[in-house]
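The values are calculated or read from the model by the stated rules, or taken from the named source; none is laboratory data. For clarity, every value in this text was computed on a predicted model and none was experimentally measured. Glycine also receives a Cβ, built like all others from the backbone with ideal geometry; neighbour counts cover every protein chain displayed. Note: accessible area is taken over every heavy atom of the protein model, side chains too, but ligands, DNA and RNA are not part of it. Shrake-Rupley method; radii C 1.70, N 1.55, O 1.52, S 1.80 Å.
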Amino acid sequence: MRFTISREQLQEGLAAVAASVPAKTTLPVLANILVETTEKGIRLSGTDLDIAVSTEVVADVETQGAITIPAKKLTEIARELPPSPVKIAAVGEQRVTLECGRSRFKLLGLPKDEFPSFPQVRFAESWRVKSGDLQNLITHTSFAVSTEESRPILNGVLWELRPERMRMVATNGHRLAKMELPIASAGAPANDLIVPPKALDQIRRLFPADEELEIARGDNHLGFRSPVTSVFTRLIEGPYPNYEQVIPKDNEKICTVDKAALVSALKRMSVIASDQTHRIKLSFNAGMLKFAVQTPDLGEAADELAVRYNGDPLDIGFNAAYLLEVLRYMPTEEVKMTFKAPERAATIEPEAWSESAQYLCLVMPLRLVD
């Protein structure tokens, strides 16, 4: 194998693939990037056995071939190279030479046969989705996934694909985010997938917003591909909890509030709130929202904010960190909050937003200590 590639193309290709290479591994070949020649140039691939990424970059190929090269060292070398064409050649099955300007490197690689093969995914039956729409869903929901290992199913994002719409849902049991967008992906079967957020982060990072992606599933894998880059991920198995039954349908107390003002007040109150519970008391009245915090051994704080509120007066407690997190992703200047009772879930939605997209977050209250 022998080819010449521009320094910039090499850096770009390595940047796309490097994040899928594990920092520590007991399998030496996983610390390497697979480099193989193609019709248009070279393909670079990396994997940690859960997620695999491969991308194609333009190069001038003299002789065909493939070898795996240590990812960390190749990336570090590429970063420091002078701005000249880079010549890379495989000598036998395990040695690689790299030349650029007056710099010369020799690296030890591993044979291609030791690199794990990519999962089988049937792209014949694929959904076609605009990358920007997918990134929109990921951004607005994946923050809510659970990081606790006791319920692995909640460590993933539920992705419901239907012929006319797609929806993502994530929750950790205390807060939930749900977003739905219309799609036109005729002919693809309906499916429910539970995707690890780490894979969704790669999708968000690698594919430009205007690109159309093909998405298809294998037995226990999901594949995403554009003309140049492919990402494969293992799916999380099992039934996702019935989230619809926790989303309240009869919250009749409604508050509309300026998002920036609410965020500022919550941040001020958070300074005095307990480091463990972040508990803040919210008291809603006709035109006013009052905040109160009392933390033993620290002190207390109070604030108030003009709001539009319909319903009986209500005192309710929340974890301020969860409220702030949800508000960070609200796409509008005003938000609508709905309540039923102090011990029932509250919802937060963007006020007067899109006609086609739907976005809703849910936050469970905290019990107020008298």
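Here are the numbers for the structure shown:
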| item | result |
| --- | --- |
| Whole-percent pair-distance distribution, where bins are 10 Å wide, for the alpha carbons of segment 1-82 | 19, 54, 25, 2 |
| Most positive-pole-ward Cα, 6, 158, 220, against dipole of the chain from beta carbon charges | 6 |
| Sequence of 27, 74 when ordered by accessible area, the most exposed leading, probe 1.4 angstrom | 27, 74 |
| Percent carbon-and-sulfur accessible area, the chain, ignoring ligands, DNA and RNA, probe 1.4 Å | 49 |
| Segment 161-295: radius of gyration and largest Cα-Cα distance (Dmax), Å | 20.5, 57 |
| Residue 304 accessible area, assembled protein chains, probe 1.4 Å, Å² | 100 |
| Euclidean distance of C-alpha centroids, segment 237-291 and segment 303-370, integer Å | 4 |
| Average projection area in nm² (convex hull over Cα atoms of segment 1-46, one quarter of hull surface) | 3.6 |
| Value of relative contact order over segment 168-296, rounded to a whole percent, pairs C-alpha under 8 Å and six or more apart | 13 |
| Long-range Cα-Cα pairs in the chain (distance over 30 Å), rounded percent | 51 |
| Point-charge dipole on Cβ atoms (K/R +1, D/E -1) for the chain, about Cα centre, debye to 20 | 740 |
| Check: segment 233-329 dipole with +1 on Lys, Arg Cβ and -1 on Asp, Glu Cβ, in debye | 260 |
| Kirkwood Rh and Cα Rg combined as Rg over Rh, evaluated for segment 47-88 | 0.99 |
| √(5λ) per eigenvalue of the Cα gyration tensor, segment 93-232, largest first, Å | 33, 19, 16 |
| Per residue accessible area of the chain, 1.4 Å probe, in Å² | 50 |
| Inter-part distance where segment 13-91 and segment 127-148 are each reduced to a Cα centre, Å | 28 |
| Among 103, 146, 354, residue whose mean-square fluctuation peaks in a GNM of the chain (springs only between Cα atoms under 10 Å) | 103 |
| Gyration tensor (alpha-carbon) shape descriptor, segment 190-249, a/c threshold 1.5 | prolate |
| Viscosity 0.890 mPa s, 25 °C: Kirkwood-radius Stokes-Einstein D of segment 115-169 over Cα pairs, µm²/s | 181 |
| For segment 265-370, alpha-carbon Rg relative to the globular expectation (2.2 N^0.38 Å, N residues) | 1.08 |
| Kirkwood Rh, angstrom, segment 30-138 [1 / mean 1/r, Cα pairs] | 15.8 |
| List 102, 367, 2, 328, ordered by accessible area with a 1.4 Å probe, largest first | 102, 367, 328, 2 |
| For segment 219-278: Kirkwood Rh in Å [reciprocal of mean 1/r, alpha carbons] | 17.4 |
| Leading residue at positive end of dipole, the chain (Cβ point charges), from 82, 169, 229 | 82 |
| Accessible area (Å², 1.4 Å probe, nearest 10) - residue 353 | 80 |
| Area of residue 67 that stays accessible when all protein chains are in place (1.4 Å probe, Å², to 10) | 0 |
